[in-house]
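Comments concern the structure below.
What follows draws every value from the coordinates through simple rules; no lab data is involved. Note that the structure is a prediction, hence the values are computed from the model and not measured. Because the Cβ atoms are built from the backbone with ideal geometry, glycine has one as well, and the counts that use them run over all protein chains shown.
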Amino acid sequence: MSAQHEVLVVGSIGLDSIKTPFGEVFEVLGGSAIYFSLAASFFTSVRLVGVIGEDFPKQHVELLKKHGIDLSGLQVLPGKTFRWKGNYGYDLNEAITLDTELNVLANFAPQVPDIYRDVKHVFLANIDPDLQLAVLDQVRNPELVVCDTMNFWIHGKRDSLIKVLKRVDIAIMNDAEARELCKEPNLVKAGRTILSWGPKRVIIKKGEHGALMFTNGSFFSAPAYPLEEIFDPTGAGDTFAGGFVGYLASCGQINDTHMRRAVIYGATMASFVVEDFSVQRTSALNQQEIRDRYQEFQGIVHFGE
Ligand code: AMP
């Protein structure tokens, strides 16, 4: 894969403890950069910038390597790895954060290795927006910069987040986050407000109701895959982003049709991750399963000429 097609990602790497109506897990592999990287690795080469503590299990590092994820930008700091504890009720669209322990993430100063600085595609996964800005300051001339965030940072670091939005091409967030960030209940108006801050494109994810993509002159609406069994929605947003950015990075020149296909690849990847806890489903996927589900999506949205 040529450097033209690589993706650089910065985001959290963590150990998640999660309870859903269907089960419970303790300190499993999670974090925005992890979900993103594994999904994107099915489309392109991924270069990961992130931090772990000395307690991070070795088998997780091995899993990333097995998927060809480049770890030259991974720092190991003294102390504990980031931890997140969340619950879901029967409305699986809404995660309730019970505890966030930043641990080594609190002292993280991302260092983009020299060999990554000319990368053409950058994904700023959910992490402190000041760290997202620090990464943007270190890359030289990216063609596509995409960011994500969450309510934790919308409440805690709104001003820094708006600075990030000024410097990205595409902002991705979920419906509740867009409403909170813009203090606007209507999603179309919230999308317009986000566009007015800088990005050329905004994607608002609506969980089991799909995703909306806005530019100043266009609108695209994608359904979610109609899954009957959703086990754990954690990571759906980051996995969506992995399919979306990973596919775009694999395209080279990007036009509006690629953007629309990328949304469907994002939704395809997200539909897999929710079928099991952590990255169990995504890490066991193969290309044929991805192609088959993408084709099923085509059937779902087709309504003739
Ligand atoms: P999502 O795709 O939104 O479900 O993201 C889930 C992942 O976000 C989990 O694996 C968590 O480890 C991670 N996460 C939770 N809170 C934060 C936070 N404040 N900053 C960065 N990552 C977080």
Problem set entry | Cα convex hull of the range 264-305 - mean projected area over all directions, nm² | 3.1 nm²
Exercise. Counting alpha carbon pairs within less than 8 Å and at least 6 residues apart, what relative contact order, in whole percent, applies to the range 24-128?
Worked result: 27 percent
Exercise. Quick one: if you stick a label point 7 Å off each Cα along the C-beta vector at Asn151 and Lys166, how many nm between them?
Worked result: 2.8 nm
Exercise. Across bins of 20 angstrom width beginning at 0, how are the C-alpha pair distances of the chain distributed, in whole percent?
Worked result: 37, 60, 3
For this session: Report ³J(HN,Hα) in whole Hz for each residue of the range 232-247, in order, from the Karplus equation J = 6.51 cos²θ - 1.76 cosθ + 1.60 where θ = phi - 60°; Gly and Pro get x.
Result: 8, x, 4, x, 4, x, 6, 6, 3, 4, x, x, 5, 6, x, 5
Problem set entry | Cα→Cβ-extended label distance, 7 Å offset, between Glu143 and Val301, nm | 2.2 nm
For this session: Compute the relative contact order of the range 231-301 as a whole-number percentage, counting only Cα pairs closer than 8 Å that sit 6 or more residues apart in sequence.
Result: 38 percent
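Give me the net charge of Gly23's neighbourhood, meaning all other residues with Cβ under 11 Å from the Cβ of Gly23; Lys, Arg count +1, Asp, Glu -1.
Numbers: positive: Lys19; negative: Glu24, Asp232, Asp276.
Net local charge, Gly23 excluded: -2.
Quantify how much of the Cα-Cα distance distribution of the range 1-60 extends past 14 Å, in percent. Display every interim value, and only then the final one.
Values: 1087 of 1770 pairs.
Tail of the P(r) past 14 Å holds 61 percent of the pairs.
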Problem set entry | Magnitude of the charge dipole, the range 168-290, Cβ model with Lys/Arg +1 and Asp/Glu -1, debye to 20 | 660 debye
Problem set entry | In order through the range 31-48: 3J(HN,Hα) via Karplus (6.51 cos²θ - 1.76 cosθ + 1.60), integer Hz, x for Gly, Pro | x, 4, 5, 5, 4, 4, 4, 5, 5, 5, 5, 7, 10, 7, 7, 10, 10, 9
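For Glu228 and Leu63, what does the FRET efficiency come to when R0 = 25 Å and r is the distance between their Cβ atoms, rounded to the nearest 0.05?
0.35
What is the Rg over Rh value, at two decimals, for the range 7-132, using alpha-carbon atoms and the Kirkwood definition of Rh? Mind dumping the intermediate values first?
On the way: Rg = 14.7 Å, Rh = 15.1 Å.
With Rg and the Kirkwood Rh in hand, the quotient comes to 0.97.
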For this session: Tabulate in residue order the Karplus-calculated ³J(HN,Hα) for the range 254-268, using 6.51 cos²θ - 1.76 cosθ + 1.60 with θ = phi - 60°, rounded to whole Hz; enter x for Gly and Pro.
Result: 10, 10, 5, 5, 4, 4, 5, 4, 4, 4, 5, 4, x, 5, 4
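Quick check: from the Cα gyration tensor, does the range 144-200 come out rounded (a/c under 1.5), prolate or oblate?
Values: a/c = 1.64, a/b = 1.13, b/c = 1.45.
It is oblate, given that a/c is not under 1.5 and a/b is not larger than b/c.
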Problem set entry | Cross-link pairs Lys58/Lys157; Lys85/Lys200; Lys120/Lys166; Lys85/Lys120; Lys19/Lys157; Lys120/Lys200 - those with Cα-Cα distance over 22 Å | Lys58/Lys157; Lys85/Lys200; Lys85/Lys120; Lys19/Lys157
Seminar exercise, completed: Loop-resident chymotrypsin sites (Phe, Trp or Tyr not before Pro) in the range 257-305 with no more than 10 other Cβ atoms inside 10 Å, DSSP not H/G/I/E/B, are Phe303
For this session: With a bin width of 5 angstrom, please list the P(r) values of the range 98-232 as percents of all Cα-Cα pairs, from the 0 bin to the one holding the largest distance.
Result: 2, 10, 18, 21, 18, 15, 11, 5, 1, 0
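To the nearest 0.05, how large is the calculated FRET efficiency for Asn186 and Val76 if R₀ is 41 Å and r is the Cβ-Cβ distance? List each step's numbers first, then the result.
Values: r = 45 Å, r/R0 = 1.10.
Using R0 = 41 Å, I get an efficiency of 0.35.
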Exercise. Which one of Leu48, Phe214, Phe297 has its Cα pushed farthest toward the positive end of the charge dipole of the chain, where Lys and Arg give +1 and Asp and Glu give -1 at the Cβ?
Worked result: Phe214
Exercise. So which residue, out of Leu98, Leu48, Leu195, gets the largest mean-square fluctuation from a GNM of the chain using Cα contacts under 10 Å as springs?
Worked result: Leu98
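Just add up the charged neighbours of Val164: K/R +1, D/E -1, any other residue whose Cβ is under 11 Å from the Cβ of Val164. All intermediate terms of the calculation are to be shown ahead of the outcome.
Details: positive: Lys157, Arg158, Lys163, Lys166, Arg167; negative: Asp128, Asp130, Asp148, Asp159.
Combined, the nearby Lys, Arg, Asp and Glu give +1.
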For this session: Filter the chymotrypsin sites (Phe, Trp or Tyr not before Pro) in the range 7-59 down to the DSSP loop ones having no more than 13 other Cβ atoms within 10 Å, then list what survives.
Result: Phe22
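Want the number for Asp256 to Arg291: 0.36 nm per residue separation, take away the alpha-carbon distance, what's left?
10.5 nm
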Exercise. Taking the Cα centre of the chain as origin and charging only Cβ (+1 Lys, Arg; -1 Asp, Glu), how large is the dipole, in debye to the nearest 20?
Worked result: 900 debye
Problem set entry | Top of Ile69, Ile127, Ile254 by mean-square fluctuation, Gaussian network on the chain, Cα under 10 Å | Ile254
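DSSP loop trypsin sites (Lys or Arg not before Pro) in the range 193-300 with at most 14 other Cβ atoms within 10 Å of their Cβ, which ones? Mind dumping the intermediate values first?
Numbers: sites: Lys200, Arg201, Lys205, Lys206, Arg260, Arg261, Arg281, Arg291, Arg293; in loops: Lys200, Lys206.
The qualifying sites are Lys200.
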Seminar exercise, completed: Inter-part gap, Cα centre of the range 1-70 to Cα centre of the range 265-297, in whole angstrom, is 16 Å
For this session: With springs connecting C-alpha atoms under 10 Å apart, model the chain as a Gaussian network and identify which of Val61, Val274, Val49 has the largest mean-square fluctuation.
Result: Val61
